[in-house]
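S.K.: First, the structure itself, so that you have it in front of you.
The values are calculated or read from the model by the stated rules, or taken from the named source; none is laboratory data. The structure presented is a predicted model; accordingly, all values stated were derived computationally and were not measured. Neighbour counts are summed over all protein chains in view; Cβ atoms, including those assigned to glycine, are modelled from backbone coordinates with ideal geometry. Surface accessibility is based on the protein's heavy atoms, side chains included, excluding ligands, DNA and RNA. Shrake-Rupley method; radii C 1.70, N 1.55, O 1.52, S 1.80 Å.
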Amino acid sequence: MFLIDAHCHINSDQLRADALNVVRRAGEVGVTRLLTVGAGLTTSAEAVELARLYATQGVYATVGVHPHDAKIVAGGLPESLLKLADAPRVAAIGETGLDYHYNHSPHDAQKKIFRLHIEWAVRVGKPLVIHVRDAMRDALEILQDAKPTEHKKKTPLMFHCYAGGLEYLSAMRDLDAYLSIGGPVTWPKNGELREVAARVPEDRLFCETDAPWLTPSPHRGKLNEPAHVRLVYEEIARARGISIQRLARAVDANAARFFGWEPLYAEPPRV
Ligand SMILES: [Zn+2]
Ligand SMILES: [Zn+2]
């Protein structure tokens, strides 16, 4: 079986020192591709470096600045970051977006930097990885204003660790966005997210860990790692009433379409 972790941070302080073993353990449970995500200048450069080092293990990178750190680049995205988009194995721009839960950066700075990421993704023709927490309304407004026809055609959108609930599913459909669902879908109290996982169209779904954070049950309290994406697949497959094999095929076909990758399965899932 081929599993994909659509969003993790093996370039984080918690996982970087042990990255080779982390990637190996993921490989042992069938994780054939994983996307390690840039969240600032340093971690973006490290994501590119890890994708180079572990290319044969299927590691890809994204480059961007997390909304938490928007204030650090409030003057604009630095050239040293922009240039990373051309590096080999950079599959997407992000993570970017809005986080009004922690408010580590002022809203104005977050919005400005989010807009700059959208323009950047459109310019380089890469998909966009979006992080939104408690800010869906503003995020949608920005996406709707930002050259809607262009980003729909050339810049597919992924809402990572989707937390918009059932309420925003129709807005996601209008944006033609992909939804990536993470470890919280396994948490006992998260019935609404399981309902979301059951309802996302099969051709718009991704699974992720967001490791080292958001560890799925039954490992909560420990560090998360990409090998645990299997638990996310199992929970989502259960919520949808399909086999994990079928879900793996669907996600593979979605990744091929979204990132422009060669599919791992020769055949897409049969409808
Ligand atoms: Zn995030
Ligand atoms: Zn992340």
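S.K.: Binning at 10 Å from 0, report for the range 3-259 what percent of all alpha-carbon pair distances ends up in each bin.
M.R.: Bins of 10 Å from zero give 8, 34, 39, 18, 1 percent of pairs.
S.K.: Still on this model: Does the range 129-271 classify as rounded, prolate or oblate by the C-alpha gyration tensor (a ≥ b ≥ c root eigenvalues; a/c under 1.5 gives rounded; else a/b over b/c gives prolate, otherwise oblate)?
M.R.: Numbers: a/c = 1.69, a/b = 1.19, b/c = 1.42.
Taking the square roots of the gyration eigenvalues as a ≥ b ≥ c, the range 129-271 is oblate.
S.K.: If you don't mind, there's one more thing I want to ask. For the range 81-205, what does the accessible surface come to per residue with a 1.4 Å probe? Please give it in Å².
M.R.: Numbers: 5520 Å² over 125 residues.
It amounts to 44 Å² per residue over the range 81-205.
S.K.: Same structure again: Check which residues have an amide H placed less than 5 Å from Val31's amide H, if you skip close sequence neighbours.
M.R.: HN-HN under 5 Å from Val31: Leu3.
S.K.: Exceeding 20 Å between C-alpha atoms, which entries from my cross-link table qualify? They are Lys71/Lys112; Lys83/Lys126; Lys83/Lys111. If you can, show how the numbers build up before the last one.
M.R.: Working: Lys71/Lys112 10 Å; Lys83/Lys126 14 Å; Lys83/Lys111 22 Å.
Distance filter (> 20 Å) returns Lys83/Lys111.
S.K.: Check which residues have an amide H placed less than 5 Å from Val59's amide H, if you skip close sequence neighbours.
M.R.: Under 5 Å from the amide H of Val59: Leu34.
S.K.: Given a cut-off of 17 Å, what percent of all Cα-Cα pairs of the range 59-144 lie beyond it? Numbers along the way, then the final one.
M.R.: Numbers: 1493 of 3655 pairs.
Every Cα pair in the range 59-144 considered, those over 17 Å come to 41 percent.
S.K.: Let me ask another. If you take every DSSP beta bridge whose two residues both sit in the chain, what share of them, in percent to the nearest 5, is antiparallel?
M.R.: Details: 0 of 23 bridges.
Antiparallel: roughly 0 percent of the beta bridges in the chain.
S.K.: Can you give the translational diffusion coefficient of the range 28-175 in µm²/s, computed by Stokes-Einstein from the Kirkwood radius over Cα pairs at 37 °C and 0.692 mPa s? Don't jump to the answer; show the numbers that get you there.
M.R.: Details: Rh = 15.4 Å.
Value of D from the Cα-based Kirkwood radius: 213 µm²/s.
S.K.: Report, to the nearest whole %, how much of the accessible area of the range 56-131 belongs to carbon and sulfur atoms, 1.4 Å probe, protein only. Provide the component values of the computation, followed by the final result.
M.R.: Numbers: 1580 of 3000 Å².
With neighbouring chains kept in place, the figure for the range 56-131 is 53 percent.
S.K.: Continuing with this model, one more query. With all protein chains present, calculate the accessible area of Tyr100 using a 1.4 Å probe and round the result to the nearest 10 Å².
M.R.: Taking all protein chains as shown, Tyr100 has close to 40 Å².
S.K.: Still on this structure, I have one more. Of Val200, Val31, Val73, which is the most mobile in a GNM of the chain whose springs link Cα atoms less than 10 angstrom apart?
M.R.: So, out of Val200, Val31, Val73, the one fluctuating most is Val73.
S.K.: Report the one residue of Leu214, Tyr102, Pro78 whose Cα lies farthest in the direction of the positive end of the charge dipole of the range 3-259 (charges on C-beta: Lys and Arg +1, Asp and Glu -1; origin at the Cα centre).
M.R.: The Cα lying farthest towards the positive end belongs to Leu214.
S.K.: Also, quick follow-up: What residues have an amide H closer than 5 Å to that of Ala92, excluding those fewer than 5 places away on the same chain, when H is modeled at 1.01 Å from N in the peptide plane?
M.R.: Those qualifying (amide H under 5 Å, at least 5 residues apart or on another chain) are Val63.
S.K.: If you stretched the chain out fully between Glu267 and Lys83, how much longer would it get, using 0.36 nm times the residue separation minus the C-alpha to C-alpha distance?
M.R.: Working: separation 184, 0.36 × 184 = 66.24 nm, distance 3.57 nm.
Result: 62.7 nm gained on full extension.
S.K.: Separate question: Just to check I understand the Karplus step: with θ = phi - 60° and J = 6.51 cos²θ - 1.76 cosθ + 1.60, what whole-Hz values come out for the range 13-28, glycine and proline as x?
M.R.: 4, 6, 10, 4, 4, 10, 4, 4, 5, 4, 5, 5, 4, 5, x, 5
S.K.: Over the range 139-271, with every protein chain in place, what whole percent of the accessible area is carbon and sulfur at 1.4 Å, could you tell me?
M.R.: Values: 3140 of 6200 Å².
On the range 139-271, the fraction of accessible area on carbon and sulfur atoms equals 51 percent.
S.K.: A follow-up question, please. What distance in nm separates the two pseudo spin-label positions at Val29 and Asp174, each 7 Å out from Cα along the beta-carbon direction?
M.R.: If labels sit at Val29 and Asp174, their model points lie 3.7 nm apart.
S.K.: If you don't mind, another one. Can you run phi through the Karplus equation (6.51, -1.76, 1.60; θ = phi - 60°) for the range 78-85 and list ³J(HN,Hα) in whole Hz, with x for Gly and Pro?
M.R.: Per residue, the Karplus-derived 3J(HN,Hα) values read x, 3, 4, 6, 4, 5, 5, 4 Hz.
S.K.: A follow-up question, please. Between Arg199 and Arg220, what is the spin-label point distance in nm, taking each point 7 Å from the Cα along the Cα→C-beta axis?
M.R.: 2.3
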